[in-house]
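Okay, so here's the structure we're looking at.
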Amino acid sequence: MRTPRLLLLDTASLYFRAFFGVPDSLRAPDGTPVNAVRGLLDFISRLVDTYHPTHLVCCWDNDWRPAWRVELIPTYKAHRVAGAGDTVVNEMSTSTETAGEQAPDDLAVQVPLIIEVLTALGLPIVGADGYEADDVIGTLATTAELPVDVVTGDRDLFQLVDDEREVRILYIARGVGKHEQVTNAWIKGKYDIPAAAYVDFATLRGDTSDGLPGVAGIGEKTAASLLNTYGTLDEVLAAASRPDTKISGSIRSKLGAAIDYLAVAPTVVAVARDIDLGVKPADLELPTAPADPKAFAELTERLGLGTSADRILAALGADAE
């Protein structure tokens, strides 16, 4: 009997990586690009073969830039906003939109196909209106009553790492085949902070890829030192307001200049953990065969999925043994 384990996929992180890492010469018989489709299937096959999850979720960005986050920090992901006529690729809708996160046309056309293929296989796709995939992941990882592996290239999700609850990140920044298992010890070794301090650490440091400015003049080492000395961001700010602490005048000044940002940034950085996703554990079980074999067979032929289809079927079937 397999050991219960939930595998949560940051789906967009995986299909973007597949698109840019798999040759665009992979095309359907009608010429449609399918490198992202096939690459995603190959990634899922490899992960299932390696970790043998009993449950799996393809977590989805129903809203890649939620209004409530933008209201708090207007620069949040602002540099990723597409202009008129560009295509949104991360909505559950398969239609073309005219505002959103930019993506190459050859990827945009594949996202509806990815949804079709995942649905035919019976791999659960879970999103929530007004929330990002990170928030779906945060909720499922927090509420799961079994060990959790989160597959992502997004270091923001390091905040979920919890050895006691057996939640770890499979970090694919260097590739799915070279992914790293992020645990409390990994985060301590990388950043010199406990995993529980990651939201406060990321708030202080900032993240240009998400449009989060951080505190000007405070980098990773200073942020880690402050948190290791005082514990939390609130305690750092409290200490900075007292003249008897060892925080330098320069650091006090930098924190003071960023006080409005620091009041809201932790809410933006922290993933939601209590969304009503409308799913129960039985809905998330990894299938042992396609939910709709006929539809999957037709997609395999129409899209020319070839060995990628063979691999995912073998992975699901092997996991049933």
Output the qualifying pairs, or none if there are none: Cβ atoms under 7 angstrom, residues six or more apart or on different chains, first residue in segment 238-252 and within 18 Å of GLY217 (Cβ to Cβ), second residue assigned to a loop (DSSP other than H, G, I, E, B).
-> ALA239/THR245; ALA239/ILE247; ALA240/ILE247
Has segment 213-236 got at least one residue that is touching a residue at least 60 places away in the same chain (Cβ under 8 Å) and closer than 23 Å to LEU9 by Cβ?
-> no
Restricting the search to segment 141-187, which residues are of a type in the set (Lys, Arg) and more than 14 Å from the chain's Cα centre (by Cα)?
-> ARG165, ARG174, LYS178
Sole miss for THR3 among (1) part of a loop (DSSP other than H, G, I, E, B); (2) touching a strand residue (DSSP E or B) at 6+ places or on another chain (Cβ under 6 Å); (3) polar (S, T, N, Q) is condition (2)
Taking the stated definitions as given, is ASP244 outside any helix (DSSP H, G or I) and not assigned by TED's automatic domain parsing to the domain that holds ARG155?
-> yes
Right, ALA289: among the small types (Gly, Ala, Ser), surrounded by 14 or more Cβ atoms within 10 Å (Cβ to Cβ) and within 28 Å of VAL136 (Cα to Cα) or not?
-> no
Quick one: count up the residues across segment 19-42 that are surrounded by fewer than 23 Cβ atoms within 10 Å (Cβ to Cβ), touching a Lys or Arg at 6+ places or on another chain (Cβ under 8 Å) and hydrophobic (A, V, I, L, M, F, W, C).
-> 3
Enumeration of residues in segment 123-148 that are surrounded by fewer than 22 Cβ atoms within 10 Å (Cβ to Cβ) and either more than 15 Å from LYS280 (Cα to Cα) or hydrophobic (A, V, I, L, M, F, W, C) (or both) | ILE125, ALA128, ASP129, GLY130, ALA144, LEU146, PRO147
Do we find that GLY304 is under 21 Å from ARG27 (Cβ atoms) and either assigned by TED's automatic domain parsing to the domain that holds LEU41 or out of contact with any helix residue (DSSP H, G or I) (no Cβ under 6 Å at 6 or more places or on another chain) (or both) in this structure?
-> yes
Has segment 78-91 got at least one residue that is in the same structural domain as VAL136 (by TED's automatic domain parsing), out of contact with any Cys (no Cβ under 7 Å at 6 or more places or on another chain), assigned to a helix (DSSP H, G or I) and modelled with pLDDT of 95 or more?
-> no
Output yes when any residue across segment 282-294 is of a type outside the set (A, V, I, L, M), over 30 Å from ASP30 (Cβ atoms), part of a strand (DSSP E or B) and touching a residue at least 40 places away in the same chain (Cβ under 8 Å), and no when none is.
-> yes
PRO281: out of contact with any strand residue (DSSP E or B) (no Cβ under 8 Å at 6 or more places or on another chain) and surrounded by fewer than 18 Cβ atoms within 10 Å (Cβ to Cβ), yes or no?
-> no
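Okay, residues lined up against (1) small (Gly, Ala, Ser); (2) buried (at least 20 other Cβ atoms within 10 Å of the Cβ); (3) more than 24 Å from VAL57 (Cβ to Cβ); (4) not assigned by TED's automatic domain parsing to the domain that holds HIS52:
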residue	(1), (2), (3), (4)
GLU166	no, no, no, no
GLY175	yes, no, no, no
ALA185	yes, no, yes, no
ASP200	no, yes, yes, yes
LEU226	no, yes, yes, yes
Considering only segment 31-56, state which residues are without any contact (Cβ under 8 Å) to a residue 12 or more places away in the chain and either in contact with a helix residue (DSSP H, G or I) (Cβ under 9 Å, 6 or more places away or on another chain) or not in a helix (DSSP H, G or I) (or both).
-> GLY31
Of all residues making up segment 57-77, the number that are of a type in the set (Lys, Arg) and assigned to a helix (DSSP H, G or I) | 1
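The values are calculated or read from the model by the stated rules, or taken from the named source; none is laboratory data. Model, not experiment: these values are computed from the prediction. Using ideal geometry, Cβ is built from the backbone for each residue, glycine included, and neighbour counts are taken over all protein chains shown.
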